[in-house]
Amino acid sequence: ATLAIARYLVRFAGKLTHTVRFCFFNAEEQGMVGSNVYAAMLKAAGAPVKASICMDMISYNSDAAQIFEIHAGYSDPAIRDLNLPIAKAIAAWAADLGTLAPAQIYKGTIGTNGADRNVYDAAINRSDHASFHQQGYPAVAVSEDFFANLPSEPGVDPNPNYHTNSDISIDSAYASHITCAIAYAISELAR
């Protein structure tokens, strides 16, 4: 997905106001090692970061619901508020594309799993976007349908092979739709 977004955005070379960097981080499961180092390096250099969008698990989908999540929540409401325009841009592009269900935007400040996305965001401090939050930068994580859904929504569709070597299921169309929404949002945010 990252490489596909890079291929799309190359057409905007020299036309964007903001620099777009494509990063691949190592050791997320061991404490976000790579992203922690990178975000701290940016902060130490005084680098301005308008947005960080981390894709974490975007290709498992076993039903027709096409639900995906955008995690903009954080324990500090001021940082969380910086994340919301990023989430809204991705959600708006996904809606314009018309192939995905409306984005589930998690904007809570409590890092536990709960269906009220205004209160809870179970992805707080659980993926590479957290490294940027910890440095005061706006960031979101985009993922497949993994955490609690509202009672009015279809049931949650978590990957049953999560963190196993049998995790080989890829819904390429679903992942492509998420990737496109993110690519378009980045081209908008970087202008």
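The values are calculated or read from the model by the stated rules, or taken from the named source; none is laboratory data. Not measured: the values here are computed from a predicted model. As a convention, Cβ positions derive from the backbone with ideal geometry for all residues, glycine included, and neighbour counts pool all protein chains shown. Heads up: the accessible areas ignore ligands, DNA and RNA and are worked out on the full protein's heavy atoms, side chains in. Shrake-Rupley method; radii C 1.70, N 1.55, O 1.52, S 1.80 Å.
For the structure I just gave you, tell me whether residue 101 is assigned to a helix (DSSP H, G or I) and either touching a helix residue (DSSP H, G or I) at 6+ places or on another chain (Cβ under 9 Å) or open to solvent by 20 Å² or more (accessible area, probe 1.4 Å) (or both).
On the way: assigned to a helix (DSSP H, G or I): no; either touching a helix residue (DSSP H, G or I) at 6+ places or on another chain (Cβ under 9 Å) or open to solvent by 20 Å² or more (accessible area, probe 1.4 Å) (or both): yes.
Criteria not met by residue 101.
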Subject >> the stretch 163-175, residues that are free of Cβ contacts under 8 Å to residues at least 40 places away in the same chain and among the hydroxyl-bearing types (Ser, Thr, Tyr) >> reply: 164, 166
**OP:** Please verify whether the stretch 138-154 includes one or more residues that are free of Cβ contacts under 8 Å to residues at least 24 places away in the same chain and within 12 Å of the chain's Cα centre (by Cα).
**Re:** no
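Does the stretch 106-118 hold any residues that are open to solvent by 40 Å² or more (accessible area, probe 1.4 Å) and touching a strand residue (DSSP E or B) at 6+ places or on another chain (Cβ under 7 Å), and which are they? Give the derivation first.
Step one: list which residues in the stretch 106-118 are open to solvent by 40 Å² or more (accessible area, probe 1.4 Å), which gives 107, 109-113, 116, 118.
Matches in the stretch 106-118: 110, 112, 113.
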Original post:
Looking at the stretch 77-97, which of its residues are open to solvent by 60 Å² or more (accessible area, probe 1.4 Å) and not basic (Lys, Arg)?
Top reply: 77, 78, 81, 82, 85, 93, 95, 96, 97
Subject >> Which numbered condition residue 51 fails, given (1) of a type in the set (Gly, Ala, Ser); (2) out of contact with any Pro (no Cβ under 6 Å at 6 or more places or on another chain); (3) closer than 16 Å to residue 141 by Cβ >> reply: (2)
**OP:** Would you check if there is a residue in the stretch 54-66 being without any contact (Cβ under 8 Å) to a residue 60 or more places away in the chain, more than 22 Å from residue 173 (Cα to Cα), loosely packed, with under 11 Cβ neighbours inside 10 Å and not basic (Lys, Arg)?
**Re:** no
Original post:
Within the bounds of the stretch 106-113, is there any residue that is free of Cβ contacts under 8 Å to residues at least 12 places away in the same chain and more than 25 Å from residue 180 (Cβ to Cβ)?
Top reply: yes
Original post:
Hey, any hits in the stretch 119-137 for a residue that's touching a residue at least 24 places away in the same chain (Cβ under 8 Å), assigned to a loop (DSSP other than H, G, I, E, B), closer than 23 Å to residue 27 by Cβ and touching a helix residue (DSSP H, G or I) at 6+ places or on another chain (Cβ under 6 Å)?
Top reply: yes
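Only one of 176, 152, 166 is out of contact with any strand residue (DSSP E or B) (no Cβ under 9 Å at 6 or more places or on another chain), modelled with pLDDT of 95 or more and surrounded by fewer than 18 Cβ atoms within 10 Å (Cβ to Cβ); which?
On the way: 152 fails: modelled with pLDDT of 95 or more; 166 fails: modelled with pLDDT of 95 or more.
Every option except 176 fails the conditions.
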